[in-house]
Amino acid sequence: MQIRSAEFKCSNTRTEKLPPPVLPEYAFIGRSNVGKSSLINMLTNKKGLAKTSQTPGKTQLINHFLINENWYIVDLPGYGYAKVSRKSREEWERFIRYYLKNRENLQCVFVLIDSRLEPQKADLDFCFWLGEHGIPFVLTFTKADKQSKVKTLQNVNGFKKAFLEYFEEVPQYFITSSENQEGRDDVLAFINEVNGR
Ligand code: GDP
């Protein structure tokens, strides 16, 4: 899929103010610092679209980016940031989980996983929660350029193994790098296919 246009539409702290649930949307989420903003900028080919390297856990916003005037990328606040207060974590839970469970035009959640790390409990727990609620998701391993292909595959396989302790099968997954655009075509082809269904 060609990206012809990508524009910031709105930031919200409340689900009532989101755009009308008409166009298909794809939510991107992961632990703080996983590379979510960089990935959104890489996919859209627009450097400053999503703000990279903000202080993690500060603002709990749902950002909508309108792509090609007919679908949305939704940038969700990161989870698993240790220094966030309990109150703000609870707010995150309420707000994001409500969005994920109730958003009728949500097509798929991209769960971002840092390809440099061993399987992280926060990621597995989050996938488990999505599975439990029947929310469709795919995995996206980030920062693949940071190490050798062999090491990336080792970590991907480690994650798959941990995943299979909870689930019967591993969902579709992508290996990406915002540095060298690895995985870009595959992610966009996937979205294009789902949009066409
Ligand atoms: P976010 O908090 O999940 O939105 O993460 P950011 O996109 O702000 O990225 C966090 C840090 O990782 C920044 O310093 C990015 O430059 C870096 N980063 C993100 N993605 C990649 C990648 O694919 N390759 C490399 N080498 N660095 C990345």
**Q.** Contacts under 7 angstrom Cβ, first residue in the range 14-32 being more than 20 Å from T44 (Cβ to Cβ), partner exposed (fewer than 13 other Cβ atoms within 10 Å of the Cβ) and of a type in the set (D, E, K, R), 6 or more apart
**A.** P21/E104
Q | Residues of the range 146-177 classified as under 16 Å from the mean Cα position of the chain (by Cα) and among the basic types (K, R), total | A | 0
Q: Within the range 109-138, count every residue that is away from the ligand (no atom under 16 Å from the Cβ), part of a loop (DSSP other than H, G, I, E, B) and of a type in the set (D, E, K, R).
A: 1
Q | Of all residues in the range 146-197 being among the β-branched types (V, I, T) and surrounded by 13 or more Cβ atoms within 10 Å (Cβ to Cβ), the one that is nearest to the ligand (Cβ to nearest atom) | A | T176
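Yes or no, residue by residue, for (1) in contact (Cβ under 8 Å) with a residue 60 or more places away in the chain; (2) more than 17 Å from the chain's Cα centre (by Cα):
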{"residue": "R103", "(1), (2)": "yes, no"}
{"residue": "V109", "(1), (2)": "yes, no"}
{"residue": "D114", "(1), (2)": "yes, no"}
{"residue": "K121", "(1), (2)": "no, no"}
{"residue": "L124", "(1), (2)": "no, no"}
{"residue": "F128", "(1), (2)": "no, no"}
{"residue": "E132", "(1), (2)": "no, yes"}
{"residue": "A144", "(1), (2)": "no, no"}
Q: Take the range 148-185 and flag every residue that is in a helix (DSSP H, G or I), of a type outside the set (F, W, Y) and out of contact with any Ser or Thr (no Cβ under 8 Å at 6 or more places or on another chain).
A: K149, V150, K151, L153, Q154, N157, G158, K160, K161, A162, D185
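Please pick out the residue among N157, N192, N180 that is over 30 Å from K47 (Cα atoms), among the polar types (S, T, N, Q) and modelled with pLDDT of 95 or more.
After ruling out the rest, the residue left standing is N157.
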Q. Conditions: (1) in a loop (DSSP other than H, G, I, E, B); (2) within 11 Å of the ligand (Cβ to nearest atom). F141 meets all but one. Number of the miss?
A. (1)
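The values are calculated or read from the model by the stated rules, or taken from the named source; none is laboratory data. Please read these numbers as outputs of a predicted model, since none were measured by experiment. Ideal geometry is used to build each Cβ from the backbone, glycine not excepted, and the neighbour counts take in all protein chains shown.
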